[in-house]
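The values are calculated or read from the model by the stated rules, or taken from the named source; none is laboratory data. The model shown is predicted, which means the values in this text are computed figures rather than measured ones. Cβ atoms come from the backbone with ideal geometry, glycine included; neighbour counts cover every protein chain shown. The area values use the complete protein model at the heavy-atom level, side chains included, leaving out ligands, DNA and RNA. Shrake-Rupley method; radii C 1.70, N 1.55, O 1.52, S 1.80 Å.
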Amino acid sequence: MAGILIVDQIQNSSNTLLINSGALAANTVGTTQLGSITNINSGFGNAMTLQANGTTAITVDTNQRTIVAGATNGGSYDSTSSGIYFQKQTSSAEVNVPFIRSEGDSTTTHLALGPSSTSGQLRFYQNGSQRWYINGSGNLTAYGSGLGITFNNASALTNSILNDYETGTWTPRFDGSGTSGSASYSFQSGFYTKIGNMVYASYDIAASSTLSGATGQLCIRGLPFTVASNTYDPVGGGNVGYFNSFTGVTPYTITHYLDASGNYAYFVYGNGSASTVQYMAVNNVTTNSRVIGVIFYRAAF
Amino acid sequence: MSTLAKVSIIDKIEVLEMGHIQVRQRNAVTEDGVELSASYHRWSLSPGDDLTGQDPKVVAIANATWTSEVISAYQAMVAAQQSQR
């Protein structure tokens with residue numbers, strides 16, 4: 001009869017309430033409904049279990065906060081934190097594996113839901129250490145430094161870890177390779193993108209005064225990251241796409257040269273006659289000097 | 001009437017092997033305290049650089065890191081490279 005739940009067996013043995021599933025399956029509309037159940041209570045001091053095929057499938061621990069899936073195999077779990085655990089399959093020597101916990105612990109690999117103070121972060125723990133999390137804006141974020149994505153390269157001898165990506169701005173300025181000086185500017189604009197240890201830094205800079213107090217070769221300073229420290233190895237370079245209003249030099253083109261472990265790039269050029277590169281000097285800058293260019297280099301990190 | 005504000009903090013200070021200090025400033029725009037957007041601004045300081053205008057935390061780290069030995073080592077490395085050109 002539709003709408004009527006027929007229970008043909010109720011057995012109270014060893015604190016167990018059994019409802020014969022055969023009676024439920026006889027529901028004529030094909031849907032088993034237990035009605036409105038507001039409370040199922042295992043009784044004081046007892047865990048609550050659901051059995052399948054005669055074996056415990058889900059256990060709610062007496063701590064009232066831990067749910068364990070699977071048959072008991074003698075493993076243990078931390079009862080101090082809310083969570084969902086999966087039982088190990090066979091070995092009683094293994095601990096149960098938490099799948100989701102309310103907080104991290106010191107040993108296991110699991111997901112954790114952060115407290116409200118962390119904007120509902122979803123955290124990924126591995127062997128007790130937080131590795132990644134999804135922040136409050138939904139972005140997958142590495143926790144701590146050095147974590148990244150390892151690609152299974154087909155062409156490299158060893159796999160590389162992509163462990164950094166960042167974009168932002170920087171403030172370029174003219175300066176000397178010797179003593180630092182100062183100048184005024186109509187504008188200073190710089191943008192960077194860092195992918196792994198590679199930095200792409202573009203800039204547009206226009207002086208409104210000469211460079212005073214500076215000595216040595218003309219540089220652009222203010223690079224967003226320090227150049228790699230491999231002395232005498234190629235660490236980077238760059239190109240100037242546009243320049244005007246320098247004095248004392250007549251370069252065909254201007255490029256950049258970088259020292260290792262520096263945070264500056266030289267302005268260099270070929271003059272059409274010398275067999276070696278020429279360095280621009282600090283006194284080449286005028287009140288209208290403008291340069292637009294890009295610098296590529298390997299960062300120290 | 002909502003209130004827009006720009007909030008800038010130094011959110012990362014990195015000290016490198018040779019004593020360079022990489023600084024990242026996070027600039028956020030908020031509306032009634034809720035962040036609308038954010039961007040980074042970076043610079044790098046070499047041992048011995050002028051610290052005028054730098055964040056007090058950066059100055060403190062620089063003063064602790066840039067011993068005379070660190071500054072001398074950096075200057076010697078730069079000079080060595082320049083002498084090779």
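At-a-glance table
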quantity: Selection count where residues are part of a strand (DSSP E or B), touching a Lys or Arg at 6+ places or on another chain (Cβ under 8 Å) and free of Cβ contacts under 8 Å to residues at least 60 places away in the same chain, scope region A:168-185; calculated: 4
quantity: Boolean, B:VAL7 is in a strand (DSSP E or B), open to solvent by 60 Å² or more (accessible area, probe 1.4 Å) and under 22 Å from A:TYR192 (Cβ atoms); calculated: yes
quantity: Filter result for the condition that a residue is among the polar types (S, T, N, Q), touching a residue at least 24 places away in the same chain (Cβ under 8 Å) and under 26 Å from A:LEU162 (Cα atoms), over A:SER245, A:SER209, A:SER202; calculated: A:SER202
quantity: Members of region A:259-280 that are facing chain B (nearest Cβ under 10 Å) and either of a type in the set (Ser, Thr, Tyr) or under 32 Å from the mean Cα position of the chain (by Cα) (or both); calculated: A:ASP259, A:ALA260, A:SER261, A:GLY262, A:ASN263, A:TYR264, A:TYR266, A:THR276, A:TYR279
quantity: Selection count, region B:16-32, where residues are in contact (Cβ under 8 Å) with a residue 24 or more places away in the chain and part of a loop (DSSP other than H, G, I, E, B); calculated: 4
quantity: Among (1) away from chain B (no Cβ under 14 Å); (2) part of a strand (DSSP E or B); (3) of a type in the set (Phe, Trp, Tyr) - the single one A:TYR252 does not satisfy; calculated: (2)
quantity: Residue match in region A:260-278 (condition: in contact with a helix residue (DSSP H, G or I) (Cβ under 9 Å, 6 or more places away or on another chain) and either among the hydrophobic types (A, V, I, L, M, F, W, C) or open to solvent by 20 Å² or more (accessible area, probe 1.4 Å) (or both)); calculated: yes
quantity: Selection within region B:40-55 - open to solvent by less than 40 Å² (accessible area, probe 1.4 Å), within 11 Å of chain A (Cβ to nearest Cβ) and touching a helix residue (DSSP H, G or I) at 6+ places or on another chain (Cβ under 9 Å); calculated: B:LEU45, B:SER46, B:PRO47
quantity: Lone unmet requirement of (1) more than 16 Å from B:ASP50 (Cβ to Cβ); (2) surrounded by fewer than 21 Cβ atoms within 10 Å (Cβ to Cβ) for A:GLN217; calculated: (2)
quantity: Single condition B:MET1 does not satisfy, out of (1) more than 12 Å from chain A (Cβ to nearest Cβ); (2) open to solvent by less than 50 Å² (accessible area, probe 1.4 Å); (3) not basic (Lys, Arg); calculated: (2)
quantity: Single residue of A:THR253, A:THR276, A:THR247, A:THR231 found to be at pLDDT below 90, of a type in the set (Ser, Thr, Tyr) and farther than 30 Å from B:GLN25 by Cα; calculated: A:THR276
quantity: When residues of region A:281-298 are limited to those that are among the aliphatic types (A, V, I, L, M) and surrounded by fewer than 22 Cβ atoms within 10 Å (Cβ to Cβ), the one nearest to A:LEU211 (Cα to Cα); calculated: A:ALA281
quantity: Residues of region B:27-39 classified as open to solvent by less than 60 Å² (accessible area, probe 1.4 Å) and not small (Gly, Ala, Ser), total; calculated: 3
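Conditions tested, residue by residue: (1) closer than 22 Å to A:PRO234 by Cα; (2) open to solvent by less than 60 Å² (accessible area, probe 1.4 Å); (3) within 10 Å of chain A (Cβ to nearest Cβ); (4) more than 13 Å from the chain's Cα centre (by Cα).
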residue	(1), (2), (3), (4)
B:GLY19	yes, yes, yes, no
B:GLN25	no, yes, yes, no
B:LYS57	no, no, no, no
B:MET77	yes, yes, yes, yes
B:ALA80	yes, yes, yes, yes
